[in-house]
Every structure is written in C-alpha cells, then in structure tokens.
Amino acid sequence: MSDFLQELSHLETKDKDVVTLYNEISELAMRECVKRIAAKEQRNAYYLSMEFLIGRSFYNNLMELGVLEETKRILAEKGVDINVFEEIEDAALGNGGLGRLAACFMDSAAALGLPLYGYGIRFRYGLFRQRIEDGFQKEYPDNWQRFGDPWSIRREEEAREIKFADYTALAVPYDVPIIGKRVNCLRLYQAEGCAEAEKISEYLYPADDTEEGKLLRLRQEYFFSAAAIGELVDRHAKLYGNHFESFPKYNTIQLNDTHPVLAIAELVRLLTANYRVSVPKAVEIAKQTFNYTNHTVLPEALECWREELVRKILPDIADILLKLVSLQKRELKRTALSPAQCADLVFYDKGVFSMAKLAIWCSSAINGVAALHTEILKKTLFATAYSVYPEKFQNKTNGVTKRRWLMLNNPELSALIDGAIGTTWREARADHSALKGKVTLLEDDFIAVKREKRRQLFAYIEEREGVKIPEHFLVYAQVKRLHEYKRQFMTALAILEIYDLIKSGAVTDFRPSLFLFGAKSAPSYVRAKGIIKFINEIAKLINGDEQVNKLLRVVFVQNYDVSYAEKIVAGTDVSLQVSTAGLEASGTGNMKFMMNGAVTCGTLDGANIEIVEHAGKENNYIFGATVDEIARISDSYDPNALLAEKPLHKKAVESLIDGTLSDGGTGCFAELYNALTQGASWHEPDNYFVLYDLESYVNTLLAINRESGEQKTFARKQLYNVASSSFFSSDRTIMDYAENIWHIS
Ligand code: 26Q
C-alpha cells in the first residue's frame, strides 16, 4: 500500500478546492483497489438487489485499505483536515433497511474473503434530498454524481442489450470495488441508448400511481435482473459449453426481496430459447440456483404484476411466466395437496402474477430476516408453502458491519475495546464478548466516550440544523423511514404527554432530554407527511417554551442518511424501536445503536427480541403488546373507549384538532386524528395500536429517564449492550448464508 501513501505525500494540495482534492485522492486509492479486484472463483454467489445504500465511500475505503490514519496524518501535514471531505455526500441508491443491508452484506463478504458479487442499478438520482420547510417535508433531487464518481469504473465493453417490446436499452456496467480481505465487485448497470431507455436508471422509486409509472418500475426490475442473468449465462456457456445442468454448481443467486424475481423467468427464457433446454429442465436449474429473502409482511409491499402489463413491454417474459404457471399446476396435481392448497401456491390468479409465490416455488432456500419474522412467515404469510416445503425455510437474522458501524464511526469506543480486550476483535468474524467481563471496570471510560460522541453529534446538529443542544442532555433517538407501523406518531404523542407532565409539575427530577428524529416519508405517503409536520409542530411548541426547554427538546433532522446515521448512533443513549409487534421484519438500526452502547427502548418485535436475549432484558427496556396479545385483542380493540378513560392520552390526541398545534391549514392533523378515532375507508381506527401501547411507552421513557440518573449503573447497561453485540455483526449473518444457503467458501 506504500504506493498510495507515497503518491499521496507527493500530491500537490495548494490552491485546490475540496472537490478536486477529493477526486484526486480517491483516484489514487482507486488504483490500489482495482489492482486487487479478485478473479471470480469456480463457484460464486450473486446478490441481486434493487437497492444498495452504500453511503460515503471515501473514509470507509481508506480504512479498508489500511491507510486511513496515515492519510489523515499526511493531509494534516499539508494543512488539509481530512474531515473536509464530509461535505461531499454520495450515493444514496436505496431508501432504507433492505438497501443498507445489501451494502453491509457486500462489506462482510469481502472482509471474510467470500466471492459475493452484487448486481443493481446505477440510478442517476438516488433517494431524494429532504428539507424541512415550515415543518413540512420537501423533496429535492439527489444529484449525487455532481462531484464526480471516483469509486466506480465504467465497463463499456461489457455493456449488454436489454430488449423491450418498444425499444432496446443498453445496460452499461459500472463496477464498484468492495474492499476487504478479498476485493469483490458491486456491478451497477446504467441504462443508455435512446432517451426512453435512459429513463430506466434515472430515479430510484419513480412514482407508481399511474400505469406509466408502474411500467417504468417493471422495466427497472427486468433491466438489471436480465443484465445480470445474461452475463452469468454467457459466462457459463463460455467456460463450460452448453452444459447447463451444471449451472447451479457454479452459480447461486440471492433475490433481495421480490424486486429481482423476473430473473427466474429470464433464466428460463435464455436457456429454452438459446440453449435448447426444455422448460421443465430449465425450471429444475432455476430451482437449484435461486434463493429468496423476504423483508416485510406488510400486504402492500408484496409485489404483484398484471399479465397485461408484463405483456405490453415484455411479451416473451409473459409467455414464459404462463408456461411456468402450467408447469407449476401440473407439478402440484401430482401431489396429494388439496385444491385449496394448490390454489394458494400457484403464482398466477385472475390475470395477476405474484412475485413472492414464484420466488417460493423456484427457490432452494427461503428466509426471513429475524427469528420472529421467519416464524411469522411460516405460520401466516407463507403457511401453505411451509407445510409443503418445510425444508426450504431458514432464518437469517440480519446484521450490520462492525467496520462502518463501530470501527469507522466510533474510533473512541473502538479504542476503549482495544484497551480492554486487545485488538483481535476487529478481525472479520471475531467477537468482542470478552468485554462482558470488564464492564464494571470501564464505566468511567465509557461515560467519557459517550460524552465525547454526544458532543460531536451536537456540534454536527448545530452546523446542519442551526440548533444548539446543551451538552448534558440525554439523547433518545428514533431514526428510520417514516411509516405508520414504525410508530413515530406514538413517540410524538408520548413526548406531548411528558411535556404536559413536566409543565404541570406532575413529573419532577426529570433529567434533561433530547428526542431526536430522522426520517424520510415516501413523497406520496400523505399521512406519513402529516406525522412529520406533527413532530415539527411539537418541536416548535416545546423548544420555544422557556419553562420547559431546559429539560426537554425535540429535533427533527433534515435529510437523514447513512452519514448522519453514523453520527447519531454513536451519540445516542436510548434507541427507540417501537413498531407494532409483528410488523418490523427485523430492523438493523436497532443493531447499530446497540453496538454503540445505546439501550433499546422497544417492543418485542423483529430483532429487538434477539437483542434483549443477547444483552439481557435487565439491560434494556421492553414494553407494549406482544404479537400474541395483539392477535387476542385486535377484534375487540376500541381506541375511543381507551381515550375516554385516559385524560392524558385524550389531551395529547386532541392537540391535533383543538388549536394547540397548527397544520398550516392543510387538514393533515384532522386526518391523523381521524385515523386514530374513526379509521378510514381502508382501515379500522388506530390500526397500529398506537393508543394501546402509549401508556406503557410513556412510563418506560420516564423510567429510563430516572434510571439514567444512576450514571454508572446506566453506563454498565449500555456497555453490556456493546459487549453483547457481536451476534449482530453481518459477518455472522454472511457466514450463515455462505454455509447454509450459498455453500461457498
Ligand atoms: C414494493 C412494491 C412496489 C414498489 C416498492 C416496493 C418495496 C420497496 C422497498 C417494498 C419494500 C421495500 C423495502 C423494504 C425494506 O427496507 N424492508 C426492511 O428490510 C430490512 C432489512 O431486512 C429490515 O431490517 C426491516 O425490518 C424491513 O422493514
């Protein structure tokens, strides 16, 4: 690596602006990366994903190359502070958990030396940039390439044609090296050719409320899936001739949710059309090649495509899908299954294809992303499939890469761990649970680390949001996509109640606390946008109240993204993970907070359950209805009866309509009020059980506040969470995929 450092020390930095320097240094580092890109193995795993939420590459890649500290030093000698590059934000080619998980997985596979290759889309614009204007979310295009894109290499010579009925698009690969013990590649395709074609890779999640929008989404899915499959099939033919029975021996493909499921149809299409493989044989090959991960149980996220829509732009694929349906039906007829069971498994009904059912039928392994989630899939959503193919179902609890989410974002805590147990924990797969035996010795050091990370976070918030938070404030944070099931709304109501309790003197001895929110709402998700406005109005009320703001503050950060998350998880004391039980498949933010020593205040949902199993219930704060309880009460649940009994809840909820808070005349607060008390055409009142869990939530938040006053005891709980977080390293998750699904080493 001395090549890079040598060139860096000779780099002229005088009079160069930040962008120029950023590009020059990145290009030097990139030369090292490219040299090290590994050749493919005989057997490789492929990760097909609509999203890869990589975040900033600059610091991470220098760290992975092992030159971050030296680079910092050399630049400092030249009078350049390495932190200046933080103003260059980069690729947000994803919108949340599923995309960030894909990025963590790529990182872990490289660190473990496993041949895993990612395939996705190089969107011209990533997830929108968010500003909060007058309390409302406003969206602006995320033109991430305006600073250049030094971390990818265009491979024009490997471009492929992707044919649609109306035009042909060119899929031009851009390779992003993923650095670790092994250097792997993430291949992102950009759509080129005619103006129509270019639209395919223009936006992540184009609005799909029109037919045109839906078609564009379908084109995106086919575009990258077909490009990836075309490449793998060509490669196989080149290396092994026309012997496609051996395709699954060399290729295993992970479908990241249903978005790339058309890859199955494309494989069958290519093998039958170009290599004279029969449809049943091609399906056999597909079944041995594909695996499917489900990331959500929400019915609205289960993808279905109308045959008519598919036929319009992909007639051959529509024909293949129908052939697969007949084959599946014939196959099911030969079993002893009842007609009802068969009907439940067939992936086509009334002119509509179900992508999840196709994936289930054509995959070797199907997995959920946390223990509870996998159980729910087996018991409810995919119950019939589970009864027929129990052997296909596996659990793979998510994880996060400790390199970005501990070593890079929290060098102070990492140094503390080094001091306590040595540095071997930093290696891939290695664990840091030896820290458990030392927590009592480290209370004071940990308190100092938290204080420093909080100071850094507050300085950043001041710079970005223009609000100053006093240093001693305890930090509660809820950062994640905005969705009703995640219940940011419930946190907002809880804060209003706590505000009232402080103001009325009912709660005394309250430790000064900051409630920090970060969230983007889908642009068309009206109610979620109403919740953002509600939180911002609460912030205005509380922060402006001289009587209370010494004790309570609320901040909604703008444009929450990976880089913001790196700072927030390090500076937070209490991680809020309060989804309605049964609805958060796993969560991965919860793991990042745990790794950085926040206690979890959460429901028994997703991976929260496993977090408290590992770190102890006594070191976390669990409240609220369980999955079973919700199932028991849901039919008889009456939120209005509850409101009549609980004056505190009533007051908080009525602030939506009694003039306490203003929605700027949009009516969005009345809509929120109605959602809780009357329901809407598509749902019962309070269908996420916000009011049901609110009282225990408020009590838990207050209990945490009290207990945090016992500084050392609280620090021990936090540090015990750090010590217990090894299980949630994506290195563990990826080893599990590698051993039990992919069979690669
Ligand atoms: C579906 C149909 C049409 C258009 C878009 C979609 C769509 C897009 C994105 C459906 C789902 C997603 C993203 C889902 C997601 O991010 N799920 C999260 O995945 C994480 C990683 O497994 C989990 O930790 C989270 O619990 C889960 O919410």
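The values are calculated or read from the model by the stated rules, or taken from the named source; none is laboratory data. Nothing here was measured: the structure is a model prediction, and the numbers come from that model. FYI the Cβ positions are ideal-geometry reconstructions off the backbone, even for glycines, and counts take in every protein chain you see. Accessible surface areas use protein heavy atoms only, side chains included; no ligands, DNA or RNA. Shrake-Rupley method; radii C 1.70, N 1.55, O 1.52, S 1.80 Å.
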Residues that are of a type in the set (Lys, Arg): find the helices (runs of 4 or more DSSP H) completely inside the range 481-591 holding 3 or more of those. 526-543
Looking at (1) at pLDDT 95 or above; (2) open to solvent by less than 20 Å² (accessible area, probe 1.4 Å); (3) of a type in the set (D, E, K, R), find the lone condition where residue 32 falls short. (1)
Pair list, Cβ < 9 Å and 6+ apart or interchain, from the range 256-270 residues that are closer than 17 Å to residue 305 by Cα to residues that are open to solvent by 10 Å² or more (accessible area, probe 1.4 Å) and among the hydrophobic types (A, V, I, L, M, F, W, C): 257/98; 257/301; 258/301; 258/302; 259/98; 262/305; 265/320; 266/320
Mind counting the residues in the range 118-142 that are open to solvent by 10 Å² or more (accessible area, probe 1.4 Å) and aromatic (Phe, Trp, Tyr)? 4
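Could you pull out every one of the helices (runs of 4 or more DSSP H) wholly within the range 227-330 that has 1 or more residues that are open to solvent by 10 Å² or more (accessible area, probe 1.4 Å) and β-branched (Val, Ile, Thr)? Break it down into steps so the answer makes sense when it comes.
Numbers: elements: 247-250, 262-274, 279-289, 307-313.
Those helices (runs of 4 or more DSSP H) span 262-274, 279-289.
Only one residue in 616, 589, 597, 624 is out of contact with any Lys or Arg (no Cβ under 9 Å at 6 or more places or on another chain) and at pLDDT 95 or above. Which one? Break it down into steps so the answer makes sense when it comes.
Values: 616 fails: out of contact with any Lys or Arg (no Cβ under 9 Å at 6 or more places or on another chain); 589 fails: out of contact with any Lys or Arg (no Cβ under 9 Å at 6 or more places or on another chain); 597 fails: out of contact with any Lys or Arg (no Cβ under 9 Å at 6 or more places or on another chain).
So the residue among 616, 589, 597, 624 that is out of contact with any Lys or Arg (no Cβ under 9 Å at 6 or more places or on another chain) and at pLDDT 95 or above is 624.
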Scan (1) under 30 Å from residue 66 (Cα atoms); (2) among the polar types (S, T, N, Q); (3) open to solvent by 10 Å² or more (accessible area, probe 1.4 Å) for the single condition residue 190 breaks and write down its number. (1)
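Counting just the residues of the range 543-565 that are of a type in the set (Gly, Ala, Ser) and surrounded by fewer than 20 Cβ atoms within 10 Å (Cβ to Cβ), which one comes out nearest to residue 478 (Cα to Cα)? Reasoning before the result, please.
To start, the set of residues in the range 543-565 that are of a type in the set (Gly, Ala, Ser) comprises 544, 563, 565.
Next, only the ones that are surrounded by fewer than 20 Cβ atoms within 10 Å (Cβ to Cβ) stay: 544, 563.
On the way: 544: 21, 563: 16 Å.
Out of the qualifying residues, it is 563.
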Consider the range 43-94. How many of its residues are among the polar types (S, T, N, Q), more than 27 Å from residue 259 (Cα to Cα) and either in the same structural domain as residue 254 (by TED's automatic domain parsing) or open to solvent by less than 30 Å² (accessible area, probe 1.4 Å) (or both)? 3
Checked the range 624-665 for anything among the hydrophobic types (A, V, I, L, M, F, W, C), over 30 Å from residue 379 (Cα atoms) and open to solvent by less than 40 Å² (accessible area, probe 1.4 Å); matches are 642, 643, 652, 653, 656, 661
Would you kindly identify the helices (runs of 4 or more DSSP H) lying entirely within the range 13-122 that contain at least 2 residues that are among the hydroxyl-bearing types (Ser, Thr, Tyr) and farther than 30 Å from residue 521 by Cβ? 18-36
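Quick one: which residue in 596, 608, 590 is under 20 Å from the mean Cα position of the chain (by Cα), under 27 Å from residue 396 (Cβ atoms) and without any contact (Cβ under 8 Å) to a residue 24 or more places away in the chain?
Numbers: 596 fails: without any contact (Cβ under 8 Å) to a residue 24 or more places away in the chain; 608 fails: without any contact (Cβ under 8 Å) to a residue 24 or more places away in the chain.
Only one candidate passes the filter, namely 590.
For (1) open to solvent by less than 10 Å² (accessible area, probe 1.4 Å); (2) under 28 Å from residue 280 (Cα atoms); (3) charged (D, E, K, R); (4) not in a loop (DSSP other than H, G, I, E, B), each residue gets a yes or a no:
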site: 353; (1), (2), (3), (4): yes, yes, no, yes
site: 356; (1), (2), (3), (4): yes, yes, no, yes
site: 363; (1), (2), (3), (4): yes, yes, no, no
site: 367; (1), (2), (3), (4): yes, yes, no, yes
site: 372; (1), (2), (3), (4): no, no, no, yes
site: 378; (1), (2), (3), (4): no, yes, yes, yes
site: 384; (1), (2), (3), (4): no, yes, no, yes
site: 387; (1), (2), (3), (4): no, yes, no, yes
site: 394; (1), (2), (3), (4): no, yes, no, yes
Answer with yes or no whether residue 335 is over 19 Å from residue 50 (Cα atoms) and either crowded, with 18+ Cβ neighbours inside 10 Å or not basic (Lys, Arg) (or both). yes
Of all residues in the range 47-63, count the ones that are within 13 Å of the ligand (Cβ to nearest atom) and among the small types (Gly, Ala, Ser). 1
Just the residues that are in a helix (DSSP H, G or I) and open to solvent by less than 10 Å² (accessible area, probe 1.4 Å), please, taken from the range 592-606. 593, 594, 595
Please note which helices (runs of 4 or more DSSP H) are completely contained in the range 636-730 and include at least 2 residues that are touching a residue at least 60 places away in the same chain (Cβ under 8 Å) and under 30 Å from residue 617 (Cβ atoms). 647-654, 690-707, 711-723
Would you tally the residues in the range 143-154 being open to solvent by 60 Å² or more (accessible area, probe 1.4 Å) and either among the aliphatic types (A, V, I, L, M) or at pLDDT 95 or above (or both)? 1
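Taking the options 207, 171, 165, 195, name whichever one is among the aliphatic types (A, V, I, L, M) and in contact with a strand residue (DSSP E or B) (Cβ under 9 Å, 6 or more places away or on another chain). Reasoning before the result, please.
On the way: 207 fails: in contact with a strand residue (DSSP E or B) (Cβ under 9 Å, 6 or more places away or on another chain); 165 fails: in contact with a strand residue (DSSP E or B) (Cβ under 9 Å, 6 or more places away or on another chain); 195 fails: in contact with a strand residue (DSSP E or B) (Cβ under 9 Å, 6 or more places away or on another chain).
Just one listed residue meets the conditions, 171.
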